[in-house]
Each structure stands twice: as structure tokens, then as C-alpha cells.
Amino acid sequence: MSIKSDKWIRRMAEQHGMIEPYEAGQVKLRDGQKLVSYGTSSYGYDVRCAREFKIFTNINSTIVDPKAFDPNSFVDVEADVCIIPPNSFALARTVEYFRIPRKVLTICLGKSTYARCGIIVNVTPLEPEWEGHVTLEFSNTTPLPAKIYANEGVAQMLFLESDEECETSYKDRGGKYQGQQGVTLPRT
């Protein structure tokens, strides 16, 4: 298994639609304003967060149960920024739509700009032949409100290619999150 470079990522995005929309370089400025960078890096791809957010709330005092998740546990927000309450949690999705090749496993890590502010990004691996918008999980570990910026970089995807194809891909298994379009809540 080997980690893939910017050249491989560019080829897979341009020829096979692995990442759409795709940015070939690092974008750091827009209209003269500094951004949290996104786009292709040396050995990865920095994804952007869309304007759709689900912010965790405890106003209904429900129990968080992955087998019987109550969608009322979140408040829906569509905005250029998301304010995550102290010691709380929010969901978002990537701007980019991914189509992961059969011989590739993709791992997501948070960007240091957010990590240094106590904002942790958690995403489970993107398995071979998974496709969709990635649901991003943000944890605000601080005692203060924290801000996430839409349409700016929030996490980095790393692509690991195997020497051989997997026997059963995510698509073969009919994975429950295949083709997800928006911010997707837990499914069983």
C-alpha cells in the first residue's frame, strides 16, 4: 500500500472524476481575503466545508442512540459560518463529491489551523468504491464557542492505494451511506 502524490490525485480527479469539483493547486486567497487553504497538496487533498450544518442541541434532552437517532437533536443552519457551542458538536458535508477507486482507501485528518483551536474533525475512512459527499463531524473541545468557515479548507484527505483490488468493495456490499448527497445522519 502506498500514499498517493499530487500527480496521482490530479490524474484521478481529471480522468476519473474522483473529486468534483477539483482544485489542482492550493487556494489561499479569494477576493483578496485570506482563506483556510483547500485543494491539492503534496500528498493529499484539502476539502472544503459546504454551507449546510447540523448543530447538536440538548433542548429536547434526548439520549443519543445510533440505533434510534432522533433528528431533533440537531438544529439545521445554512450559513457562511457555523458557530459550534462550547464542548459541543456539529455535522457538515464537503463541497466535493468523491468517487473512490476500487484499489484505494481514503483517510481524512483535520487541518492544523482548526486543531490548534481545539476543533477536532472526525471522518471514518472512505472505503474502496464508496461515493458521495463526505459527512464531516466537528467537535468543539473548548469551553468557548468555535467558528467553522464554509467554502474553506477544513480537513485533508489522504489516498492509500493497494497493490491488489479488495475482494468486496463498499459498493459490492451495498453500503448504507453510498451516494449520500447532504449532511447524513446515522443509519442502521
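The values are calculated or read from the model by the stated rules, or taken from the named source; none is laboratory data. Everything numeric in this text was worked out from a predicted model, so none of it was measured. Because the Cβ atoms are built from the backbone with ideal geometry, glycine has one as well, and the counts that use them run over all protein chains shown.
Can you tell me which residue in the range 69-103 is surrounded by the fewest Cβ atoms within 10 Å (Cβ to Cβ), limited to those that are without any contact (Cβ under 8 Å) to a residue 60 or more places away in the chain and of a type in the set (A, V, I, L, M, F, W, C)?
This residue is VAL75.
Filter the range 1-18 down to the residues that are of a type in the set (A, V, I, L, M, F, W, C) and in contact with a Phe, Trp or Tyr (Cβ under 6 Å, 6 or more places away or on another chain) and list them by number.
The initial filter retains those residues of the range 1-18 that are of a type in the set (A, V, I, L, M, F, W, C), namely 1, 3, 8-9, 12-13, 18.
ILE3, ILE9, ALA13 - these are the residues of the range 1-18 that are of a type in the set (A, V, I, L, M, F, W, C) and in contact with a Phe, Trp or Tyr (Cβ under 6 Å, 6 or more places away or on another chain).
What is the number of the single condition among (1) more than 24 Å from GLU14 (Cα to Cα); (2) modelled with pLDDT of 95 or more that THR184 does not meet?
Answer for THR184: the failing condition is (2).
Looking at the range 12-26, which of its residues are surrounded by fewer than 18 Cβ atoms within 10 Å (Cβ to Cβ) and either within 14 Å of ARG99 (Cβ to Cβ) or of a type in the set (Val, Ile, Thr) (or both)?
GLU14, GLN15, HIS16, GLY17, GLU20, PRO21, TYR22
Restricting the search to the range 132-151, which residues are under 12 Å from the mean Cα position of the chain (by Cα) and either farther than 21 Å from LYS28 by Cβ or modelled with pLDDT under 95 (or both)?
Passing the criteria: GLY132, HIS133, VAL134, THR135, GLU137, PHE138.
Cβ-Cβ under 7 Å, sequence separation 6+ or interchain: first residue in the range 130-151 and more than 18 Å from ALA50 (Cβ to Cβ), partner surrounded by fewer than 20 Cβ atoms within 10 Å (Cβ to Cβ) and among the aliphatic types (A, V, I, L, M). Which pairs?
So the pair list comes out as SER139/ILE120; THR141/ILE120; PRO145/ILE83.
Could you please give the count of residues in the range 66-104 that are of a type in the set (D, E, K, R), outside any strand (DSSP E or B) and farther than 20 Å from GLU152 by Cβ? Give the steps one after another, and end with the answer.
Applying the first criterion (of a type in the set (D, E, K, R)) to the range 66-104 yields 67, 70, 76, 78, 80, 93, 96, 99, 102-103.
Restricting the remaining residues to those that are outside any strand (DSSP E or B) gives 67, 70, 80, 102-103.
From what is left, the residues that are farther than 20 Å from GLU152 by Cβ are 67, 70, 102-103.
Going through the range 66-104 one residue at a time, the tally reaches 4.
Select from the range 43-59 the residues that are free of Cβ contacts under 8 Å to residues at least 40 places away in the same chain and assigned to a strand (DSSP E or B) and list them in ascending order.
Applying the first criterion (free of Cβ contacts under 8 Å to residues at least 40 places away in the same chain) to the range 43-59 yields 55-59.
Within the range 43-59, ILE55, PHE56 qualify.
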